[in-house]
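Colleague: Encoded as structure tokens, here's the structure I'll be asking about.
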Amino acid sequence: MISHLYIHIPFCPNICPYCAFYKESAGRERVEKFLEALLVEVESHADQLRPETIFLGGGTPSALSPVQLEFLFEGLHRYLDLSALREWTIEMNPATVAADKAKLLRDVGINRISMGVQSWDDEVLKTLGRTHTAQKAEESFHLLRDAGFQNISIDLIFGVPGQSLTSWQETLERSLRLDPEHLSAYGLTYEEDTEFFRLLGKGVMKANEHLEADQFEITTDLLSAHGYEQYEVSNYAKQNHTSLHNTAYWLGRDYLGLGPSAFSTVAGKRWRNIRETGLYSSSTMSGQTARDFEEPLSPETLASERAAFGLRTHHGLPFDHGKKWQHELEKMETHGLLYRTEDRWLLTCRGKLLADTVGEIFV
């Protein structure tokens, strides 16, 4: 049985210029057809699923109306065995949070919120193309607390052009005053097929690696001082509040992805669903496959991925799993990027800053 389920909701009220995930603007008829197709796909996999974690990502799942959310969750409860469910996360844009929607989500079983605040600096939010203000984000956080949510993650981005070290530190401090259970702090990446990538290529935007390094170091120092464990390079949690879903992914567990563009890795195979909502919906509703890509994964490929992702976490890389790369690991150790405990390799502080570089040794 598959224990981890990801559901991709592709609709966004606004297309952010840095985001490379598959997304599109919503129309009511298009959304309703998609939700019907999604539940057909859910039903087709129901006998394989006994989820311990479910993650609704996007896109902006919280952009769905209360009526649409009720339709979706009624179907999920009808088709899935949720008796083993421990963590049910939904991504939320602060601009889409309202008291009635928060109560609905709590009532249907959502027990974890991942809210994309990104910054508490309104000028940085404008650069990122976000539709909410810092004030709205804080109001949304309190609405979620009032609805009974006791596991909220705040997502933040550093390395944004025009974002100073002071602005970033103030964003961290304002987040800490809200006392969330979890914080994610991601360095801005310039992904292909985004407006930011095009602006970078034209020289309009420029990355500042030295400033990003300072912002990363402030993050680790400040959050650690306030009791947050850095359990993955970009993720920090209070005790017993690590993301169970994401940890399963980083440790190489099987997971099923439903919805357009969603990836799955199950029993040594990986596939991707169709990356266009209309075609995904029509194919699924007509009983055809929702997949547009599939490949077998060799034991060597799986081992490489587990090593690369596992090393990014506080679990590290056990010695017996890293024998194949012993020479490369020792070389990284001499450069101060890795250190050893009794039974595993772990990233140093500098190694965490250069985690992508370290990960290249497993490719």
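The values are calculated or read from the model by the stated rules, or taken from the named source; none is laboratory data. From a predicted model like this one, the values you see are computed outputs, not experimental measurements. When we count neighbours, we look across all protein chains shown, and the Cβ atoms used for this are built from the backbone with ideal geometry, even at glycine.
Colleague: If I ask for residues that are more than 18 Å from the chain's Cα centre (by Cα) and within 27 Å of A137 (Cα to Cα), which ones from region 174-193 would you list?
Modeller: Passing the criteria: R174, S175, L176, R177, L178, D179.
Colleague: Next question, about the same structure. Is it fair to say F216 is modelled with pLDDT of 90 or more, in the same structural domain as L128 (by TED's automatic domain parsing) and in contact with a Leu (Cβ under 6 Å, 6 or more places away or on another chain)? Steps first, please.
Modeller: Working: modelled with pLDDT of 90 or more: yes; in the same structural domain as L128 (by TED's automatic domain parsing): yes; in contact with a Leu (Cβ under 6 Å, 6 or more places away or on another chain): yes.
So F216 passes the test.
Colleague: So, one more: Take the conditions over 20 Å from M115 (Cα atoms), surrounded by 15 or more Cβ atoms within 10 Å (Cβ to Cβ) and either of a type in the set (D, E) or in contact (Cβ under 8 Å) with a residue 12 or more places away in the chain (or both) and apply them to L222. Does it pass?
Modeller: Working: over 20 Å from M115 (Cα atoms): yes; surrounded by 15 or more Cβ atoms within 10 Å (Cβ to Cβ): yes; either of a type in the set (D, E) or in contact (Cβ under 8 Å) with a residue 12 or more places away in the chain (or both): yes.
So L222 fits the description; yes.
Colleague: If we keep just the residues of region 173-203 that are assigned to a loop (DSSP other than H, G, I, E, B) and at pLDDT 90 or above, which is farthest from D356 (Cα to Cα)?
Modeller: Taking region 173-203 as the starting set, the residues that turn out to be assigned to a loop (DSSP other than H, G, I, E, B) are 179-181, 188-194, 203.
Adding the requirement that they be at pLDDT 90 or above leaves 179-181, 188.
On the way: D179: 30, P180: 27, E181: 26, L188: 13 Å.
That would be D179.
Colleague: Looking at (1) polar (S, T, N, Q); (2) farther than 25 Å from R253 by Cβ; (3) without any contact (Cβ under 8 Å) to a residue 40 or more places away in the chain, can you tell me which one S119 breaks?
Modeller: (3)
Colleague: Determine whether region 160-172 contains at least one residue that is more than 30 Å from A99 (Cα to Cα), outside any loop (DSSP other than H, G, I, E, B), touching a strand residue (DSSP E or B) at 6+ places or on another chain (Cβ under 9 Å) and in contact (Cβ under 8 Å) with a residue 40 or more places away in the chain.
Modeller: Scanning region 160-172, I find no residue that is more than 30 Å from A99 (Cα to Cα), outside any loop (DSSP other than H, G, I, E, B), touching a strand residue (DSSP E or B) at 6+ places or on another chain (Cβ under 9 Å) and in contact (Cβ under 8 Å) with a residue 40 or more places away in the chain, so the answer is no.
Conditions tested, residue by residue: (1) over 15 Å from the mean Cα position of the chain (by Cα); (2) surrounded by fewer than 20 Cβ atoms within 10 Å (Cβ to Cβ).
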| residue | (1), (2) |
| --- | --- |
| L56 | no, no |
| P61 | no, no |
| L64 | yes, no |
| Y79 | yes, yes |
| P94 | yes, no |
| L105 | yes, no |
| R112 | no, no |
| M115 | no, no |
| L125 | yes, no |
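Colleague: Just wondering, is there one or more residues in region 10-22 that are assigned by TED's automatic domain parsing to the domain that holds G187, under 25 Å from H132 (Cα atoms) and of a type in the set (S, T, Y)?
Modeller: At the first step, the residues of region 10-22 found to be assigned by TED's automatic domain parsing to the domain that holds G187 are 10-22.
Among the residues that remain, those that are also under 25 Å from H132 (Cα atoms) are: 10-22.
With the extra rule that they be of a type in the set (S, T, Y), the set shrinks to 18, 22.
Among the residues of region 10-22, at least one is assigned by TED's automatic domain parsing to the domain that holds G187, under 25 Å from H132 (Cα atoms) and of a type in the set (S, T, Y), which makes the answer yes.
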